[in-house]
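Q: Handing you a structure now.
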Amino acid sequence: MTASNKKLLSLLIKATILVLTYVFIYHQFLKKGKDIQEFKNLMQAIGSGQVMFVMSLVFGLMLINWLLEALKWQYLIRNLEPVTFWKAIECVFCGLTWAIFTPNRLGEYGGRVMFLSPRKRVYGVFAMAVGSFGQNVITNVLGSIAIMWFTVTFLHLKLWITAIIYLLGVLNITVFLVCFFNIKWLVWLLNKISFLKKYHRFFEIIGKYKFDELHRIILFCLARFFAFSCQYYILINLFIPQIPLYEILLLTFIVFFIQSALPSLDLVDVAVRSVTAATIFAYVTNQTVAVIAVFSAIWLINLIIPAILGTVFNLKLNFFDRNS
């Protein structure tokens, strides 16, 4: 393929990504317009000064969330291909652009590693998988704790059923923590699968993370988790102040836990999350509209706005230059 053809194809790929991104966002706005309007109506019932202050906090936490993810990404690949903090930010936001129109956010891997040199991109996918696993560990550990609390507080099941739920919860927490901090076991398991042996050199990067490095990664994940959890607390507390802090957080953890277990597109995640949140929060409030509006608004702030910003960084990608 000639240089001019490569350049043309690269431009076509970038244009396709931009079109897909904005078409999906527009389609989702049409679907969620009612929820967003409800959020605006709720805001109008509150003083403008308080609204500005609260929304500034929520936007600030969005930036903190993704800056923490950029720091985590920079740390994950520091031994693979060291990058500046700004380049890590570009990687993260471009990945978010690719994520919203791909199943289970798989495009996030592609969008992020495209900023690495071509020979390091596959390795980068496995490095990112370690970070994603860490985030999933936090979601499952705190989600399991929240479900155990929820079972006792609201469901009032028979003792033996409650005991089974607690047993499964403790087992889930243990498995995730043990597997993450012994991630080399995953490499060993992958190497036992015959048709995957030829990819051994890519799996090796997973096993290179030592315990203290995994500990640092899990702290990044925990910080991110509480950053976006605080967003939900701030907005729900604004509209439904009678719900205690611990209840808002624990119920939100359950929503995260359920959503993480369901395969979906980012652009339908908001619907799944809103329905789940409305069902879970119904145990503590009858203000379903406010709950759905909050979850829809935070989806807009945390995913759609960064994805739009990521389209700018998408223009910098180089798909064919092997010397990049």
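The values are calculated or read from the model by the stated rules, or taken from the named source; none is laboratory data. In this text, all values refer to a predicted model and were calculated from it rather than measured experimentally. Because the Cβ atoms are built from the backbone with ideal geometry, glycine has one as well, and the counts that use them run over all protein chains shown.
Q: From (1) within 14 Å of the chain's Cα centre (by Cα); (2) of a type in the set (A, V, I, L, M); (3) at pLDDT 95 or above, pick out the condition that doesn't hold for Leu303.
A: The one condition Leu303 does not meet is (3).
Q: Can you pull out the helices (runs of 4 or more DSSP H) entirely within the stretch 131-241 that have at least 2 residues that are more than 22 Å from Ile77 (Cα to Cα) and in contact (Cβ under 8 Å) with a residue 24 or more places away in the chain?
A: Numbers: elements: 159-181, 184-191, 200-207, 211-239.
Of the helices (runs of 4 or more DSSP H) lying wholly inside the stretch 131-241, those with at least 2 residues that are more than 22 Å from Ile77 (Cα to Cα) and in contact (Cβ under 8 Å) with a residue 24 or more places away in the chain span 159-181, 211-239.
Q: Could you count how many residues in the stretch 229-242 are surrounded by fewer than 21 Cβ atoms within 10 Å (Cβ to Cβ) and under 18 Å from Gln50 (Cβ atoms)?
A: Residues meeting the conditions: 9.
Q: Only one of (1) farther than 18 Å from Gly131 by Cα; (2) at pLDDT below 90 is not met by Asn104, so which one is it?
A: (1)
Q: If Gln37 satisfies all but one of (1) surrounded by 17 or more Cβ atoms within 10 Å (Cβ to Cβ); (2) modelled with pLDDT under 90, what's the number of the condition it fails?
A: Unmet for Gln37, out of (1) surrounded by 17 or more Cβ atoms within 10 Å (Cβ to Cβ); (2) modelled with pLDDT under 90: (1).
Q: Still on this structure, please answer the following. Among what's in the stretch 3-18 and is aliphatic (A, V, I, L, M) and farther than 18 Å from Gly95 by Cβ, pick the residue that is surrounded by the fewest Cβ atoms within 10 Å (Cβ to Cβ).
A: Filtering first and then ranking leaves Ala3.
Residues are listed down the side, and each one gets a yes or a no for (1) of a type in the set (Ser, Thr, Tyr); (2) in contact with a strand residue (DSSP E or B) (Cβ under 7 Å, 6 or more places away or on another chain); (3) farther than 30 Å from Phe39 by Cβ:
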residue	(1), (2), (3)
Ile161	no, no, yes
Ile164	no, no, yes
Leu168	no, no, yes
Val175	no, no, yes
Tyr199	yes, no, yes
Leu219	no, no, yes
Leu222	no, no, no
Ala227	no, no, no
Gln231	no, no, no
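Q: I've got another one for you. Could you grab me the full set of residues in the stretch 180-218 that are of a type in the set (A, V, I, L, M, F, W, C), surrounded by fewer than 14 Cβ atoms within 10 Å (Cβ to Cβ) and under 24 Å from the mean Cα position of the chain (by Cα)?
A: Residue satisfying the conditions is Phe211 alone.
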